[in-house]
Structure formats: C-alpha cells, structure tokens
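So the structure is just underneath, and the comments pick up after that.
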Amino acid sequence: MVRGGILLTAAVVALCFVSTASAAGPPTVEQFRFTGVDAEFSAELTAGCGFPITVNADAHETHIFFSDGSEQDLIHYSATFVVSGRTQLLENDNFRILFNSSGLFVSGQDFRLLAPDGTTLLKNRGNFSATDSGFTLHGPHPSFTAGLGYCDFLTLSS
C-alpha cells in the first residue's frame with residue numbers, strides 16, 4: 001500500500017508539472033531574414049560620415065518570446081560597406097540578447113569590423129548588461145570605450 005501511495009503521489013506531482021508547463025505554453029518563435037542593400041543604414045552613414053556609403057547586409061535573427069515576458073534574440077549579421085564602388089569595410093557579428101525583468105544582457109561577438117582583406121580592425125567580445133541602475137561591460141568593447149565607429153574606419157581606408 002505504501003508503494004501505491006508513493007506512485008500515486010508521484011503521478012499527481014508529475015501531472016502538476018505537466019499542467020503548469022502546458023498552462024505556461026511553449027515559447028513563440030519568430031524568424032527574420034534580410035539580404036540586400038540596407039537603404040536606411042546606408043542613408044544614416046552617408047549623412048553622418050559626409051560621403052556616399054552603400055551597406056549590403058545579410059541578417060538572420062531568431063526571436064524567442066517566453067510566456068513570463070522574457071525574450072531571447074539570436075542575431076547573425078554580416079555587411080559590406082561600399083565607398084566609390086569599392087568594398088572598404090566588412091562587418092561580422094554574432095550575439096545573443098536576453099531581456100528579462102532584471103534588464104538586458106548581451107553576450108557573444110556583438111561588433112566586429114574587418115578590412116577588405118579580412119584583417120580585424122575592431123572587435124568587441126565578452127558581454128555587457130544594462131539595467132535601470134547602469135551599464136556594465138565584461139570583456140573588451142573598444143567601440144564603446146574608445147568611441148570608434150564606422151566613419152573612422154571608412155575614412156582611414158578610403
């Protein structure tokens with residue numbers, strides 16, 4: 001009889017976990033893919049840098065929305081930056097963003113600029129987090145700390 005009680009209790013506990021999990025529901029997954037000229041980013045850089053720039057992008061994003069309101073985004077982004085008909089700069093980013101009640105957390109290689117020959121010019125790596133109380137960097141993030149951006153490298157290489 002004790003064994004039957006233990007099995008019945010285990011079955012009820014398991015049923016509660018299954019009911020809770022199914023009540024919470026599976027996460028919602030959205031995919032986004034873009035390949036082509038990023039007209040908005042091209043216009044933004046052209047205005048900011050002061051010379052015509054065309055950004056050819058290949059972006060793939062997966063957004064996972066959980067029932068508790070949290071979200072996880074997986075982002076793969078590659079781009080070429082063309083000035084005067086020549087590729088002057090490459091970008092290759094791969095990172096994960098977590099949004100939850102505590103704030104924002106980003107990990108991976110969130111920003112990497114390369115010369116046309118593949119030489120790394122600038123690379124953020126590690127992670128960073130942002131909450132209501134501030135912004136914390138973990139690992140080298142020269143794009144944040146040195147203030148270097150696209151125009152700096154496009155000017156140097158053009």
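Where a number appears in this text, it was derived from the coordinates with a stated rule and is not lab data. Source: prediction; values computed, not measured. Cβ atoms come from the backbone with ideal geometry, glycine included; neighbour counts cover every protein chain shown.
Taking K and R as +1 and D and E as -1, what net charge do the other residues with C-beta under 13 Å from the C-beta of Phe153 add up to?
Values: positive: Arg112, Lys123; negative: Glu91, Asp152.
Value of the local net charge: 0.
Tell me the volume per residue, in Å³, of the convex hull enclosing the alpha carbons of the range 36-82.
Details: hull volume 4.1 nm³, N = 47.
Once divided by residue count, the hull of the range 36-82 is 87 Å³.
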